[in-house]
Amino acid sequence: MLSKKTKYGLKALAFIARQQDKTPVQIATIAESENISHKFLESILLTLRKSGILGSKKGKGGGYYLLKEAADIPMTDVIRTLEGPIAMLPCVSLNFYEKCDDCPDEHACSVHKLMIQVRDSTLKILRHNTLADLAIPSKQ
């Protein structure tokens, strides 16, 4: 399940990516528009800034902005920054692999085989979607 931190981070990034003039966006503007707690959003945006996805400018006209074009920010980067490993089990993680303590042979494990398929399908979707795809306004 996606955490609120990640959900709100995705919403905030999409909001920033939709800005036409690419000027920094204040936290208060994003929080109000996306109905996110200002304090919680501040923490999320700081994480994204530390990871190199966002930049920030202080003072008048300050706020947060994308460091790269939205089309150059894959969802895998965002999810790993906010959520951590994409895989549901550490034994199938590509970047955060750990052997399961309760499994003597992961190659014979039916859960392992299933989770590899889930991981691969999830990665395919996340790799082929960028922040630009997320920022396209939905037609409802």
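The values are calculated or read from the model by the stated rules, or taken from the named source; none is laboratory data. Not measured: the values here are computed from a predicted model. Please note: Cβ atoms are built from the backbone with ideal geometry, for glycine as well, and neighbour counts cover all protein chains shown. Calculation scope for accessible area: heavy atoms of the full protein, side chains included, ligands and nucleic acids excluded. Shrake-Rupley method; radii C 1.70, N 1.55, O 1.52, S 1.80 Å.
Could you list, bin by bin from short to long, the percent of Cα-Cα pairs of region 1-69 in 5 Å steps?
Pairs per bin, as whole percents: 4, 17, 33, 28, 14, 3, 1, 0.
What number, in percent, do you get for the relative contact order of the chain if the mean sequence gap of Cα pairs under 8 Å and at least 6 apart is divided by its residue count?
Averaging sequence separation for qualifying contacts and normalising by length gives 27 percent for the chain.
Which of Ala108, Ser121, Ser43 sits closest to the plus end of the dipole of region 29-140, meaning its Cα is farthest towards the positive end, when Lys and Arg get +1 and Asp and Glu get -1 on the C-beta?
Ser43
Quick one: net charge of Asp120's neighbours, Cβ under 15 Å, K/R +1, D/E -1?
+4
Would you mind working out the magnitude of the charge dipole of the chain relative to its Cα centre, with +1 at each Lys and Arg C-beta and -1 at each Asp and Glu C-beta, to the nearest 20 Debye?
Here the chain has a charge dipole of around 640 debye.
Mind scanning Lys5/Lys57; Lys7/Lys57; Lys50/Lys99; Lys7/Lys99; Lys68/Lys124 and naming the pairs with a C-alpha gap bigger than 27 Å?
Over 27 Å apart, Cα to Cα: Lys50/Lys99; Lys7/Lys99.
Just the accessible area for Asp120, please: 1.4 Å probe, Å², rounded to the nearest 10?
70
For Lys4, which lysines qualify as cross-link partners when the Cα separation must be under 18 Å and same-chain residues fewer than eight apart are set aside?
Candidates past the 8-residue exclusion: Lys39.
What is the P(r) of region 27-116, as percent of Cα-Cα pairs per 10 Å bin from 0?
14, 33, 24, 18, 10, 2
Loop-only check: which chymotrypsin sites (Phe, Trp or Tyr not before Pro) in region 1-57 are DSSP coil with at most 14 other Cβ within 10 angstrom?
Counting only loop positions with at most 14 other Cβ atoms within 10 Å, none of the chymotrypsin sites (Phe, Trp or Tyr not before Pro) in region 1-57 qualifies.
In the neighborhood of Gly84, defined by Cβ-to-Cβ distances under 14 Å, what is the net charge if each Lys or Arg adds +1 and each Asp or Glu adds -1?
Once all neighbours under 14 Å are counted, the net charge is 0.
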